1. Take Ser40 and decide whether it is hydroxyl-bearing (Ser, Thr, Tyr), in contact with a strand residue (DSSP E or B) (Cβ under 9 Å, 6 or more places away or on another chain), over 22 Å from Ile156 (Cα atoms) and at pLDDT 95 or above.
2. Report, ordered by the first and then the second residue, all pairs with beta carbons closer than 9 Å, sequence separation of six or more or different chains, a first member in region 43-55 that is closer than 12 Å to Asp10 by Cβ and of a type in the set (Lys, Arg), and a second member that is assigned to a strand (DSSP E or B) and open to solvent by 30 Å² or more (accessible area, probe 1.4 Å).
3. Filter region 111-126 for residues that are assigned to a helix (DSSP H, G or I) and farther than 13 Å from Glu152 by Cα; which is most open to solvent (accessible area, probe 1.4 Å)?
4. In region 69-109, which residues are within 17 Å of Val44 (Cβ to Cβ), free of Cβ contacts under 8 Å to residues at least 60 places away in the same chain and polar (S, T, N, Q)?
5. Mind checking which residues of region 15-25 are touching a strand residue (DSSP E or B) at 6+ places or on another chain (Cβ under 6 Å) and open to solvent by 20 Å² or more (accessible area, probe 1.4 Å)?
6. Mind listing whichever residues of region 139-168 are at pLDDT 55 or above and open to solvent by 70 Å² or more (accessible area, probe 1.4 Å)?
7. Which residues, taken from region 61-104, are of a type in the set (Lys, Arg) and at pLDDT 95 or above?
8. Looking at region 1-108, what strands (runs of 3 or more DSSP E) fall wholly within it and have at least 2 residues that are in contact with a helix residue (DSSP H, G or I) (Cβ under 7 Å, 6 or more places away or on another chain) and on the phi < 0 side of the Ramachandran plot?
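The values are calculated or read from the model by the stated rules, or taken from the named source; none is laboratory data. Note that the coordinates shown come from a computational prediction; the quantities given were computed from them, not determined experimentally. Note that we place each Cβ from the backbone using ideal geometry, even for glycine, and neighbour counts take in every protein chain shown. When the accessible area is computed, the model is the full protein with side chains, heavy atoms only, and any ligands, DNA or RNA have been set aside. Shrake-Rupley method; radii C 1.70, N 1.55, O 1.52, S 1.80 Å.
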Amino acid sequence: MRVSVVTEHDRSWMRSILAERWGTPEIVHCKNHHHANLLSGFIVREKREPLGLVTYDIGDGECEIVTLDSLKSGRGVGSVLVKATIKKSLSEQCRRVWLITTNDNLDALGFYQKIGFELVALHRNAVINSRKVKPSIPKLGNNGIPVRDEIELEMILPFNTSKKPNTPII
């Protein structure tokens with residue numbers, strides 16, 4: 001597996017993957033509204049075949065993971081992409097890497113906690129407002145769970161001396 005930085009040449013592929021997996025490249029949650037196909041990111045490839053994509057947004061000393069998509073589950077693609085994003089965040093001297101997921105996304109909640117992220121906030125009923133901007137957000141999610149809350153996770157990085165850094169496992 002080889003990790004590469006997203007280039008302008010990748011934008012068309014990004015747009016189609018994001019539309020396929022997220023309904024549209026537009027990502028909305030209680031803290032931000034992104035057009036993920038325009039963001040920075042990394043792609044994992046094996047013999048030119050894309051296996052995964054992460055998009056992120058760095059600003060104000062923080063890195064938000066906006067989307068993470070593994071096209072081949074169980075092969076470590078997600079871990080490789082998050083590790084690349086953390087490395088980039090460290091080089092940019094970010095205080096933390098963070099993300100928002102929904103309450104139905106149990107696989108993501110488990111994955112991120114396993115690699116060192118911590119739950120930091122529950123935004124109750126936040127999806128109601130997100131749906132006003134992006135009505136295509138489903139009412140029922142994984143395992144038939146109603147999609148209603150947004151959950152914030154973070155990994156504190158070593159540049160922040162006010163809080164003990166999380167210990168990344170990846």
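1. Working: hydroxyl-bearing (Ser, Thr, Tyr): yes; in contact with a strand residue (DSSP E or B) (Cβ under 9 Å, 6 or more places away or on another chain): yes; over 22 Å from Ile156 (Cα atoms): no; at pLDDT 95 or above: yes.
When the stated conditions are applied, Ser40 does not pass them.
2. Listed by first residue and then by second, the contacts come to Arg45/Arg2; Arg45/Val3.
3. Applying the first criterion (assigned to a helix (DSSP H, G or I)) to region 111-126 yields 111-114, 126.
Checking which are farther than 13 Å from Glu152 by Cα leaves us with 111, 114.
Working: Phe111: 52, Lys114: 144 Å².
By that ranking, first place goes to Lys114.
4. Ser70, Ser73, Thr85
5. Arg21
6. Taking region 139-168 first, the residues at pLDDT 55 or above are 139-159, 163-168.
Within region 139-168, Lys139, Leu140, Asn142, Asn143, Arg148, Pro158, Phe159, Lys163, Lys164, Thr167 qualify.
7. Lys83, Lys87, Lys88, Arg95, Arg96
8. Numbers: elements: 2-5, 26-28, 33-35, 40-46, 49-59, 62-70, 96-102.
The strands (runs of 3 or more DSSP E) meeting that bar are 26-28, 40-46, 49-59, 62-70, 96-102.
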